[in-house]
Amino acid sequence: ARRGIGRSFQRIELFPESGAILFESYRRAPLKRFPYMTGYVVQDERLELLAVVDIRRDPAWIEATIAKRAEA
């Protein structure tokens, strides 16, 4: 399981713009272990992983959680 997550992170690192827009400038990338995804942002050539979340959560909760972590 950890290798799968590690590969997903490597893919995001190599192709950060490949993740679909989640909201505003935040992106998402599905993990191989469905139903999870990563929420991340690319700023000034820096990749910041903000969350790994279950996509079955309320979309408003996901957005609030990722936005709050981006502020920290």
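Hey, any idea what the orientation-averaged projected area of the convex hull of the chain's Cα atoms comes to, in nm²?
4.7 nm²
Relative to the present Cα-Cα distance, how much length would full extension add between Asp54 and Glu17 at 0.36 nm per residue of separation?
Additional length available on full extension: 11.2 nm.
Quick one: ranking Val41, Val52 by accessible area, 1.4 Å probe, largest first, what do you get?
Val52, Val41
When the chain is modelled as a GNM with alpha-carbon springs shorter than 10 Å, which of Arg57, Arg27, Arg11 fluctuates the most?
Largest GNM mean-square fluctuation: Arg57.
Solvent-accessible area per residue for the chain at a 1.4 Å probe radius, Å²?
Per-residue value: 74 Å².
Among Leu14, Leu22, Leu50, determine the one that fluctuates most according to a GNM of the chain built with springs between C-alpha atoms less than 10 Å apart.
Result for the chain, Cα springs under 10 Å: Leu14 fluctuates most.
Can you give the relative contact order of the chain as a percent, counting alpha carbon pairs under 8 Å and 6+ residues apart?
Computed over the chain, the figure is 21 percent.
Between Val42 and Ala67, what is 0.36 nm times their sequence separation minus the Cα-Cα distance? Round to one decimal in nm.
Stretched fully, the Val42-Ala67 segment lengthens by 7.7 nm.
Counting Lys and Arg as +1 and Asp and Glu as -1, each charge on the Cβ, what is the dipole of segment 21-72 about the Cα centre in debye, to the nearest 20?
Magnitude of the dipole: close to 320 debye.
The values are calculated or read from the model by the stated rules, or taken from the named source; none is laboratory data. A quick note: this is a predicted structure, and the numbers were derived from the prediction, not measured. Counting neighbours? That spans all protein chains shown, and the Cβs are built from the backbone with ideal geometry, glycine included. Areas reflect the complete protein model, heavy atoms only, side chains present, ligands, DNA and RNA absent. Shrake-Rupley method; radii C 1.70, N 1.55, O 1.52, S 1.80 Å.
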